[in-house]
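Take a look at the structure set out below.
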Amino acid sequence: MIAVCPAPARLLWLYQQTAGSTWTVGYFDPTGSWHEDSTHPTSEHAAGRVHWLNGNHHDPEPAELLARAETEIIRLEQLADRLDASARHWKAVARQKARHARELQRRGLRR
């Protein structure tokens, strides 16, 4: 999906969804080559960057900044939860492999 934001300048910045939930901001040159500026976790973040690059240089309202920060905090908390779950999983796998190795060693099947 490609979303275009109008710009008064000759260069038109736009954003497109790339890998999974990643959004890339950039522009196409006259030959059709894509030039990347930045990547963002949400389309809203990418749209904000496109809006700014296309000449709409307004400072966000404090409430908007707070909402963005709260969204980012939630995203990071969810990521931390997934990382904790993954760490617990791999620790359990390591313990299981160590028990298995000790059992093999006890039986004389492994040094």
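At-a-glance table
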read-out: Segment Ala69-Thr18, extension gain: residue separation times 0.36 nm, minus the distance between their alpha carbons; value: 16.0 nm
read-out: FRET efficiency, 1/(1 + (r/R0)^6) with R0 35 Å, evaluated for Trp90 and Glu61 via beta carbons; value: 0.20
read-out: Rounded, prolate or oblate (a/c below 1.5 giving rounded, otherwise prolate when a/b exceeds b/c) for the chain by Cα gyration tensor; value: oblate
read-out: Relative contact order of the chain, defined on C-alpha pairs under 8 angstrom at six or more residues apart (%); value: 17
read-out: Candidate residues Val25, Val93: accessible-area rank, largest first, probe 1.4 Å; value: Val93, Val25
read-out: Helix-only mean residue ellipticity at 222 nm for the chain, each DSSP H run of n ≥ 4 adding -39500 (n - 2.57), per residue, nearest 500; value: -18000 deg cm²/dmol
read-out: The chain: angle of helix 62-106 to the longest principal axis, Cα-based, in degrees nearest 10; value: 20
read-out: Gain upon complete extension [Asp29, Ala80; 0.36 nm per residue less C-alpha separation]; value: 14.5 nm
read-out: Pairs of alpha carbons in segment 19-74 whose separation is greater than 12 Å (percent); value: 71
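The values are calculated or read from the model by the stated rules, or taken from the named source; none is laboratory data. Computed from a prediction, not measured in an experiment: that's the story for all the values here. Don't worry about glycine lacking a Cβ; one is built from the backbone with ideal geometry, like all the others, and counts go over all protein chains shown. All accessible areas refer to the heavy atoms of the entire protein, side chains included, with ligands and DNA or RNA removed. Shrake-Rupley method; radii C 1.70, N 1.55, O 1.52, S 1.80 Å.
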